[in-house]
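In what follows, a single structure is set out as structure tokens and then discussed.
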Amino acid sequence: MLEYYGYLWSTTWPNLIGLILIGALVLSRLVWKYVSTWRHAHDAWGFLLLAGKTFIWIVVLGIYTKLLLFSQPDWLSQPCYTQGAVAGKTYDSASKSYVLEVRSGSVQNHYYIDQNVYEQLKIEDQVKLMYLPLRREVVRCELVGSLL
């Protein structure tokens, strides 16, 4: 699991750090405003206005979080595993990605791998994969058996 979330962190760290920084900035400003409103103005109108601002910021942070989870939905999913024989491997020049075709029984699925794995694997090698369930990117590829 650590490897799975480490891979997700490595692909999404700018988005996550941005969200954390925005959240910390908003939270610190709201706490500061609540403290200053409590100290200097004990009127209900000030607290009502502050409650409205808090609600708006919660909605904005919720939208940012939803956008992050929409662009990176694998954060809320468990890693998937499969085992099978390499049926083919191709380079998709349109998306500039390496595609691995793995046959498990009568089912053949496509997974996205990096260049190093692409170069090392051969057709009919037996592999065990851990991958992101929605983007189908391979996190870990273990060679179980080889023809050589």
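Points to keep in mind about this one:
- Alpha-carbon centroids, the stretch 80-108 and the stretch 11-77: separation in whole Å: 42
- With 0.36 nm allotted per residue and the present C-alpha distance subtracted, the Ser28-Ile58 stretch has 9.5 nm of extension available.
- Taking packing as the residue-averaged number of other Cβ atoms within 10 angstrom, the listed peptides 48-59, 102-113 run from highest to lowest as 102-113, 48-59.
- Helix 2-40 and the longest principal axis of the C-alpha atoms of the chain enclose an angle of approximately 0°.
- Value of relative contact order over the chain, rounded to a whole percent, pairs C-alpha under 8 Å and six or more apart: 19
- Magnitude of the charge dipole, the chain, Cβ model with Lys/Arg +1 and Asp/Glu -1, debye to 20: 620
- Exceeding the 19 Å Cα-Cα cut-off - candidates Lys96/Lys128; Lys33/Lys53; Lys89/Lys128: Lys96/Lys128
- Shape of the chain, Cα gyration tensor, a/c cut at 1.5: prolate
- Full-stretch length increase - Leu69, Leu19 - with 0.36 nm per residue and alpha-carbon distance subtracted: 16.9 nm
- Gaussian network model of the chain, Cα within-10 Å springs - most flexible of Pro133, Pro14, Pro73: Pro14
- Rounded to the nearest 20 debye, the dipole size of the stretch 80-145 about its Cα centre is 140 debye, using +1 on the Cβ of Lys and Arg and -1 on the Cβ of Asp and Glu.
- Residue ranges 23-34, 78-89 sort as 78-89, 23-34 when ordered by packing (mean number of other C-beta atoms within 10 Å per residue, highest first).
- Using equal-weight Cα scatterers in the Debye expression, the normalised intensity of the stretch 2-76 in log10 at q = 0.17, 0.23 Å⁻¹ is -0.72, -1.00.
- Two-site FRET efficiency, Asp114 against Ala51, from Cβ-Cβ distance with R₀ of 41 Å, rounded to 0.05: 0.25
- Listed residues Gln83, Tyr111, Val35: farthest to the positive end of the dipole of the chain (Cβ charges): Val35
- Overall, the anisotropy analysis places the stretch 80-145 in the rounded class: the square-rooted eigenvalues a ≥ b ≥ c of its C-alpha gyration tensor yield a/c less than 1.5.
- Table column - 3J(HN,Hα) (Hz), the stretch 67-82, Karplus curve with 6.51, -1.76, 1.60, x for Gly and Pro: 5, 5, 6, 6, 7, 10, x, 5, 4, 9, 10, 7, x, 10, 10, 8
- Amide H contacts of Asp125 (H built 1.01 Å from N, under 5 Å, at least 5 apart or other chain): Val86
Readers should treat all values here as calculations from the given coordinates under stated rules, not as data from a laboratory. These figures come from a predicted structure and were not determined experimentally. Methodologically, a virtual Cβ is constructed for each residue, glycine included, from the backbone with ideal geometry; neighbour enumeration extends over all protein chains shown.
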